[in-house]
Amino acid sequence: MRVFVTGGAGFIGSHTLVQLLRDNAQVTVFDNYTNSSPEALKRVRRLGQSDLTAVEGDICDTGALKTALEEARPDAVIHFAGLKAVGESAEKPLAYYQNNITGSLALLEAMDSVGCRRIVFSSSATVYDPHEQPPFTEEHRLGAINPYGRTKQFVEDIIRDWAAANTETSAAILRYFNPVGAHASGDIGEDPVGIPNNLVPYISRVAGGSLAQLQVFGGDYDTRDGTGERDYIHVEDLASAHLAALKHAMKTTGSETFNIGTGQGTTVLEMLKAFEKAAGRSIPYRITDRRPGDVAKSVADVSKATRVLGWQAQYTVDDMCSSAWNWQSRNPNGYDNAE
Ligand code: NAD
Ligand code: UD1
């Protein structure tokens, strides 16, 4: 199968590429490296034991996209490319709407121009109305509360409309919960620019010694220990969900939305303890005020993905922490200074 992967050099993309290559897919990556490094693709080729074509380009550049798609003639597209920092999206909303929405429109147009009608799209649990009670099924009310989340909600609708307009189209919209962890080799992983916003990358840096202390945002939530509870999913499980979604999209038409998580919640303090165990050291922390916009609990109902895709998460929270720590300790500067 020929697969065109936007944003393939990023965190989730790189892990998915390794599995695609191992599955004998012919892969073209289209990425402008705005939040990633070509070094990740070098390592992907090694881990995937196969070559791929890498095209440097911006998804907002329709001409460049069309040229790349004409060359690749893919059976399907996996669309990871996008900006993803919630805080930044509130500061630069237009950049987010431009990149994530205009870029997705350009991609669908370019796909039309080469007759490619199958897509797997990276959406997010952030589209759910945070006032609803978890676990969230795909039917829960939507209501993103920041520009980033709204770009995902809009693009979901655009893809559904695009799919509805042609009976040969197939779209799988994946709503990821909280992706963490790294490839077992420790060669690829999450490499955030600057100080991480997300919990596990932050804990990794504290454990590695480059940050002093974790701030636990809120100790008075209505959860087991008062700290925020999330559905963390190992990036390797997330990658295999893409292969399952791709295979489903190849044999069906229409659009389907799937939650991709484990269905299990873990609190901040539970994650901290699991990471301490994985790293074999204690991690300093302090409980501070709640972070604005956070909810007490976000957990997926994953029964649809299990039923329809035949996919289920395999890895535990301990696996997530040990793989994240392996990546962090082998690559303290991420892909920077790599040979
Ligand atoms: P990432 O930033 O590591 O990867 C995104 C990739 O897209 C990067 O390689 C970046 O360079 C590329 N990119 C961005 N804008 C581009 C453009 N205009 N043209 C070409 N390439 C562009 O992020 P990730 O964590 O791998 O996330 C992948 C997708 O999944 C994103 O769409 C993100 O919004 C979504 N998602 C991520 C999470 C998460 O926690 N990581 C959760 C839910 C959804
Ligand atoms: C965040 C995004 C969400 C995105 C998701 C992807 C926000 C409001 N939401 O979700 O849109 O889809 O990342 O992974 O940013 N925490 C701390 N200290 C820290 C960092 C986090 O205590 O330094 C806590 C948070 O309060 C939360 C939990 O850890 O309870 C997880 O936080 P994080 O990793 O940022 O993910 P989300 O907030 O769930």
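Please determine whether any residue of the stretch 183-193 is in contact with a helix residue (DSSP H, G or I) (Cβ under 9 Å, 6 or more places away or on another chain), more than 14 Å from Arg330 (Cα to Cα) and within 16 Å of ligand 1 (Cβ to nearest atom).
yes
Out of the residues in the stretch 291-334 that are part of a loop (DSSP other than H, G, I, E, B) and of a type in the set (Phe, Trp, Tyr), which is farthest from Leu199 (Cα to Cα)?
Ranking the qualifying residues of the stretch 291-334, first place goes to Trp311.
Which numbered condition in (1) over 19 Å from Leu211 (Cα atoms); (2) under 19 Å from the mean Cα position of the chain (by Cα) is the only one that Ala324 fails?
With (1) over 19 Å from Leu211 (Cα atoms); (2) under 19 Å from the mean Cα position of the chain (by Cα) applied to Ala324, the lone miss is (1).
So which residues in the stretch 156-182 are within 15 Å of ligand 2 (Cβ to nearest atom) and either among the aromatic types (Phe, Trp, Tyr) or more than 18 Å from Ala249 (Cα to Cα) (or both)?
Of everything in the stretch 156-182, those that are within 15 Å of ligand 2 (Cβ to nearest atom) and either among the aromatic types (Phe, Trp, Tyr) or more than 18 Å from Ala249 (Cα to Cα) (or both) turn out to be Tyr176, Phe177, Asn178, Pro179, Val180, Gly181, Ala182.
Could you pull out every one of the strands (runs of 3 or more DSSP E) wholly within the stretch 1-109 that has 3 or more residues that are open to solvent by less than 30 Å² (accessible area, probe 1.4 Å)?
Counting at least 3 such residues, we get 2-6, 26-31, 76-79.
Considering only residues that are part of a loop (DSSP other than H, G, I, E, B) and open to solvent by less than 20 Å² (accessible area, probe 1.4 Å), which ones fall in the stretch 222-245?
Those that are part of a loop (DSSP other than H, G, I, E, B) and open to solvent by less than 20 Å² (accessible area, probe 1.4 Å): Gly226, Thr227, Gly228, Asp231.
Name the single residue that is nearest to Asp237 (Cα to Cα) among those in the stretch 30-59 being over 16 Å from the mean Cα position of the chain (by Cα) and β-branched (Val, Ile, Thr).
For the stretch 30-59, the residue satisfying everything is Val44.
What tally of residues in the stretch 66-86 results from selecting those that are more than 9 Å from ligand 1 (Cβ to nearest atom), under 27 Å from Val127 (Cβ atoms) and in contact with a Gly (Cβ under 9 Å, 6 or more places away or on another chain)?
Qualifying residue count for the region: 2.
Is there any pair linking a residue in the stretch 40-53 that is farther than 11 Å from Arg22 by Cα to one that is of a type in the set (Val, Ile, Thr) and in a loop (DSSP other than H, G, I, E, B), with Cβ under 7 Å and at least six apart or on different chains, and which?
Note: pairs meeting the criteria are Ala40/Ile188; Arg43/Ile188.
The values are calculated or read from the model by the stated rules, or taken from the named source; none is laboratory data. These numbers were taken from a predicted model, which means no experiment stands behind them. Ideal geometry is used to build each Cβ from the backbone, glycine not excepted, and the neighbour counts take in all protein chains shown. Accessible surface areas use protein heavy atoms only, side chains included; no ligands, DNA or RNA. Shrake-Rupley method; radii C 1.70, N 1.55, O 1.52, S 1.80 Å.
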